[in-house]
Structure formats: structure tokens, C-alpha cells
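Q: Mind looking over this structure? Questions follow.
The values are calculated or read from the model by the stated rules, or taken from the named source; none is laboratory data. Everything numeric here is computed off the predicted structure, so don't read it as measured data. Cβ: placed from backbone, ideal geometry, glycine included. Neighbour counts: every protein chain shown. All accessible areas refer to the heavy atoms of the entire protein, side chains included, with ligands and DNA or RNA removed. Shrake-Rupley method; radii C 1.70, N 1.55, O 1.52, S 1.80 Å.
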Amino acid sequence: MTEGTHLRRRGGPYKTEAATDLSRWRLANVEGRQTWRYVEDHKTPEREQTMLEAHSLGLDTSGFVRASPAVHTAADAALKGMGFYSLLQAEDGHWAGDYGGPLFLLPGLLITCHVAQIPLAEAWRKEMVRYLRSVQLPDGGWGLHIEDKSTVFGNALSYTSLRILGVQPDDPDMVRARNNLHSKVLHPILYYLFYYTRLFPTWMPAHPSTLWCHCRQVYLPMSYCYAVRLAAKEDPLVLSLRQELYVQDYESIIWPAQRNNVAACDMYTPHSRLLDFAYMFMNVYEAHHSKGLRGKAVKELYEHIQADDRFTKSISIGPISKTINMLVRWHVDGPSSPAFQEHVSRIPDYLWLGLDGMKMQGTNGSQLWDTCFAVQAYLEAGGQDNPKLAKCLQRAHQFLTFTQFPEDPPEYQKYYRQMNKERSTLRGGLEYCRRLQRGNGSWEGSWGVCFTYGAWFGLEAFACMGHVYQDEVVCGEVRRGCDFLLHISGVFNKSCAISYTSYRNIFPVWALGRFSALYPSSSLAGKVKLHPDRQSTERGIKLLIDKQLPNGDWPQENISGVFNKSCAISYTSYRNIFPVWALGRFSALYPSSSLAGKVKL
């Protein structure tokens, strides 16, 4: 850790002198592993804040929350879990967590900072280097995310990042990375045209309004950069990287011949003939394009970039679009412009300092997401009836009220934004859930813990509309969904965890020998409310009770989410929220069970 480094909290940086004062931390041996423990005077006023910061850094928190005897009922375990997690609530009512995992986010920021000459604090630079070294694979490379194999894409981006941060090419880690990169078949690919589609009528299938919001907002500034041929200055670092990254002289590479060449380790989906034809057509047009049409497209793109910055206060929907928007505003408005300076001021919103160093998050945090989940878990576990938890829930309510958008964005339809005031019906939503259910009863859970997560919320939708078991009779969608969860619940008792690669299969892929409280929790939360098989539910509840740590926490044992079917991402708050949710629901619905227990107020 570096003294004076910053953490992101409530949309801005703040000093962490208390957490980073190394005189207060001691290296201790806990269960055979080395970990940092905080030596704390319980009379100090910053105790609660330091607890939050220590947890955010991934440090041991047993010095703040004393161990208590093991509990044996779901109600007691839920109460203990809520007590621990309440201490991690920020003063404005939200909960924050590490939302890292992807390795292609930080490079985008660093490349933009290098091109636009945005200075980064020396402490940040050191922590970023430490992070990239900590996630480097044994073979010397990096992948798309921290649990991936090494790829050309991941390797090249992380290598470039370290060079921008000042690590020299003769550094041993850089030599290993370069050897790994050169051992792969390295072929560049061309970013193809997207900007003209914004001039299409909205009824066209390829119109941006029909695309996934993240895809649309990332392609928006990327299209602008390609259309105007925005290029970085050829400084010594750029010239050196051209020699370090490629296996042949950069000037001798025939770039048009490499358009469809992709390294085998990076080829997620093979190109179809239709795609190759589309690329060929666009390349021909690009060589003979209309300058007038190009100008209209560029103008339209920039208007949408301005609107995105205006709606989000220069945060955008995610880190990729944010950093490229920032680059475009630097190029168009200039480095001293208020628009560009606002972008620079919002960089800390995406940064997170953990035990492994400073990383860039998948969004500017998942505070609202986690706080909503936490409130639902607390309410199902009876937290609203406990005077000790009342203040916690009140602060969460204030945060939700403060962050709510009560009105639609101005001209939201013109810029393809989602309305804030829904006119949609619950019945229509349920029909949507019906259409998305897979043949085996599951639902695909985008961004979360895959199929158990998706099945949980799919079943939750049906339960909210009254579709629950009555005398063991229920609609086919609910029966199939519960059967799916029941089918996979047996492996929980073998200490297994779902793998992110489950997205590529109809049934989950299980990695033996690993456990995470998230998966049985999400499975149980979906099944407890619906399924008559109490015995299998009790086995899962017993597992959650047994896995709870003495201080009320649960272990964070592996990554807990995935997006775009290929990239793992962290949700560190889930390990606290989901078990409480499942335990609370069980104790409320099965009060006669010996595992339920009586809720203590």
C-alpha cells in the first residue's frame, strides 16, 4: 500500500490515511496464510470509516468485528450476517464493492491519458503497476480478464499499459510478457465502419437504436475516431512499442492483408461468409466514400457524444465509452475546455484500490445495484423489525431516493436513451420472461452469476405474479425452473462452484474443489419460495450456515459474475447479500423447520 493513495467513494476521491497508515497494520498468520491485520484503538473516532476502508482494500477485518460463537439456525445466521454487512455501509447509505476483473479497461484509460497528456498521480501509477503485475499469468501473459488464459489482445494491452506507466522493456516481467506475445501468431484486425448507420432510418435492422446500449455507446466515439482518423503523436514510446510488440519491422507490415487475420487464442466466434462479405463491401466503399455524407455522419456522431456527456455528467455508461468520449472532447474542444476538464475530474469514479493494487471498474461502481439487493435481503430477513438495523435501512432509503431520476431525460428518444418513467405493464414483462426461458428450465443471467442467478430472478418474476406451488401444482415455467435448480443443487454439497464458462453451455460447468456462498444462495433464493422439496432446501441452508465466518462475513473464494458470455467480473458484495437473502426467506417461509430458528429483535 502507498500512503496518501485515493479510493473512490460517492463519485470522488478521498484520502485514506487511516487505512494506509502502515504503523497500524501487522502481518499475521491466519489459518496458514499471511494477511494484514489492523491494530486498532477502539476509542478512535474513525473506527467505522477505517473498517469500511479496510474491507474495500481486501484487508482482514477481524480487528473491527469480534468473532462470536457459531450459530446454528438460519435466522441467527442472517442476523449475524446483517450485523456485519451493516458496518460496511457508507455514511450516505450505499454499499460499495470491488467491481473489477476485466483487464481491457485500464489500458483504455492509460492510452487516452498518454495521448491527451493527462497527468496521473504518482501513487496511482505505482498502484496500477502493482495491480498489473499481480494479475500477470505464470506464462507471462494476460487475458481478457483475471481468470482467462493469455491472449494476444490481453497481452498487448497490459504490456502497453505497463510501458505507459514507466516500466522499462528490460524489466523481467516485460521480457516474459514479450516472449509470450511473440510466441503467438499476432495479426492485427481493422475496426470497421459504423458511423454511417446513424444516418439510416430507425426501422433499419442495423440502426444504432436497435443495438445493446453498451455496444451502441462504445461504437459511438470509436466510430468518430476512425472517421476523422484521430491519431496519437509519434513520440519515443509509440515508436519503441512498434518495435517491441511485433515480430517483424512495423513499417514492413502490409496492413490491408491482415484485416481478417486473428490469433487462434483470440478467436471467440469464427467469421461467417456474410460477415466477410460485409467487411469487403465496407472496405470498397471506404476507399471511395462520399465526403459530404462522411461530414454529416461525423456531425451526428459528435452530437450524440455531447448528449451522452450531458446526460451522465461525463461518466457515460461504462469505462470504454467514457475514456474514448474524453479523447474525442480533447480532440474537438481542446485540453483546456470545460467539457474535457469535466471528463478528467470524473476519472476517479472508475478507479478502485484493492489489496492487489489500483484497477478500473466495469462501471463507476455497482452501488445502486448492491444497495437495492441489500435492502431486499434485509427485508426478507426481518431487518426492518430490528431496532439495531433501522438506521441502516433508513440511510439506504435516503440513498435510493437521492439517486433516483424522477423525470425522463430531455430528448431521450432522439438519443436512444431509456425512459425513466415506464409505461410498460407487469404482464408484458412476464411474457418476456416466458419467451427467454430455456428448454432445460433455466434463464441466462447476464452480468451476474450465470444460470443460477438468471433462474432465481426468472422464478421471482413468476412468484410476484402469483405463480407459486399450491398443493404441489404450478405452471410449467415455474416447475421447469425449480427442477433446473434442484438438478444442480446436489453439487453444492460437494463444495463446487459454477464456472464462468457455463455461459457457453446449456447446463452449468462445475469446477470441483471450489466453493462460493453465492451459488447455493442464488439457487436457494429462487427455489425456497416455490418448491415443495424442503429437504434439498435445508441441505443448502445448512451449508450456508456452516460456511459463515466467526465475524458474520462469508468467504470470497472466486469471481462471481460474467458479461457478454466471455468476460468474468467481480461482485464482492454478493457474498454478503445473497446468503442473508436465502437464509431470511427460508426462516420466514419454514418457521417449523429446526433450521429456521426464531428471529431475535
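Q: Out of the residues in segment 313-328 meeting the condition of being over 19 Å from Trp352 (Cβ atoms) and open to solvent by 20 Å² or more (accessible area, probe 1.4 Å), tell me which one is nearest to the chain's Cα centre (by Cα).
A: Filtering first and then ranking leaves Ile324.
Q: If you don't mind, another one. Which one of the conditions (1) touching a Phe, Trp or Tyr at 6+ places or on another chain (Cβ under 8 Å); (2) assigned to a helix (DSSP H, G or I); (3) of a type outside the set (Lys, Arg); (4) open to solvent by 20 Å² or more (accessible area, probe 1.4 Å) does Thr363 fail to meet, given that it meets all the rest?
A: Just one mismatch for Thr363, condition (2).
Q: Which residue pairs have Cβ atoms closer than 7 Å, lie 6 or more positions apart in sequence or on different chains, and pair a first residue in segment 458-475 that is within 10 Å of Cys433 (Cβ to Cβ) with a second residue that is open to solvent by 30 Å² or more (accessible area, probe 1.4 Å) and among the charged types (D, E, K, R)?
A: Taking only residues 6 or more apart or on different chains, the pairs are Phe462/Glu477.
Q: Has segment 407-426 got any residue that is open to solvent by 10 Å² or more (accessible area, probe 1.4 Å), over 30 Å from Ala307 (Cβ atoms) and over 23 Å from the mean Cα position of the chain (by Cα)?
A: In the first step, residues of segment 407-426 are kept if they are open to solvent by 10 Å² or more (accessible area, probe 1.4 Å); the result is 407-426.
If we keep only those that are over 30 Å from Ala307 (Cβ atoms) too, we end up with 426.
Filter once more, keeping what is over 23 Å from the mean Cα position of the chain (by Cα): 426.
For segment 407-426, residues open to solvent by 10 Å² or more (accessible area, probe 1.4 Å), over 30 Å from Ala307 (Cβ atoms) and over 23 Å from the mean Cα position of the chain (by Cα): present.
Q: Which of the following residues is modelled with pLDDT of 85 or more and either on the phi < 0 side of the Ramachandran plot or touching a helix residue (DSSP H, G or I) at 6+ places or on another chain (Cβ under 9 Å) (or both): Met267, Met222?
A: Matching residue, one of Met267, Met222: Met222.
Q: Another question, then. Can you confirm whether Ile315 is of a type in the set (Val, Ile, Thr) and either part of a loop (DSSP other than H, G, I, E, B) or touching a Cys at 6+ places or on another chain (Cβ under 8 Å) (or both)?
A: It is true that Ile315 is of a type in the set (Val, Ile, Thr) and either part of a loop (DSSP other than H, G, I, E, B) or touching a Cys at 6+ places or on another chain (Cβ under 8 Å) (or both).
Q: Can you tell me which residue in segment 386-406 is surrounded by the most Cβ atoms within 10 Å (Cβ to Cβ), limited to those that are free of Cβ contacts under 8 Å to residues at least 24 places away in the same chain and either charged (D, E, K, R) or closer than 12 Å to Ala374 by Cα (or both)?
A: Leu393
Q: Oh, and also: Could you tell me how many of the residues in segment 524-559 are at pLDDT below 75 and buried (at least 20 other Cβ atoms within 10 Å of the Cβ)?
A: Selection size over segment 524-559: 9.
Q: On the basis of being open to solvent by 50 Å² or more (accessible area, probe 1.4 Å), on the phi < 0 side of the Ramachandran plot and assigned to a loop (DSSP other than H, G, I, E, B), does Tyr285 make the cut?
A: Answer is no for this residue.
Q: Return yes or no: is Ala227 crowded, with 16+ Cβ neighbours inside 10 Å and of a type in the set (Gly, Ala, Ser)?
A: yes
Q: Also, quick follow-up: Just for segment 442-495: of the residues that are of a type in the set (Lys, Arg) and under 22 Å from Glu538 (Cβ atoms), which one is modelled with the lowest pLDDT?
A: The extreme case among them is Lys494.
Q: Sticking with this one: Go through segment 303-314 and give me each residue that's of a type in the set (A, V, I, L, M) and over 14 Å from Cys213 (Cβ atoms).
A: Ile305 - this is the single residue of segment 303-314 that is of a type in the set (A, V, I, L, M) and over 14 Å from Cys213 (Cβ atoms).
Q: Scan segment 560-601 for residues that are open to solvent by 20 Å² or more (accessible area, probe 1.4 Å), part of a loop (DSSP other than H, G, I, E, B) and of a type in the set (A, V, I, L, M, F, W, C) and jot them down.
A: Leu595, Val599, Leu601
Q: Exactly one of (1) part of a helix (DSSP H, G or I); (2) touching a residue at least 40 places away in the same chain (Cβ under 8 Å); (3) open to solvent by less than 40 Å² (accessible area, probe 1.4 Å) is unmet by Asp309. Its number?
A: Unmet condition: (2).
Q: Another question, then. On the basis of being exposed (fewer than 14 other Cβ atoms within 10 Å of the Cβ) and in contact (Cβ under 8 Å) with a residue 60 or more places away in the chain, does Tyr268 make the cut? Step through it out loud before you land on a result.
A: On the way: exposed (fewer than 14 other Cβ atoms within 10 Å of the Cβ): yes; in contact (Cβ under 8 Å) with a residue 60 or more places away in the chain: yes.
So Tyr268 passes the test.
Q: Would you be able to say whether some residue in segment 160-181 is at pLDDT below 90 and small (Gly, Ala, Ser)?
A: No, there is no match, as no residue in segment 160-181 is at pLDDT below 90 and small (Gly, Ala, Ser).
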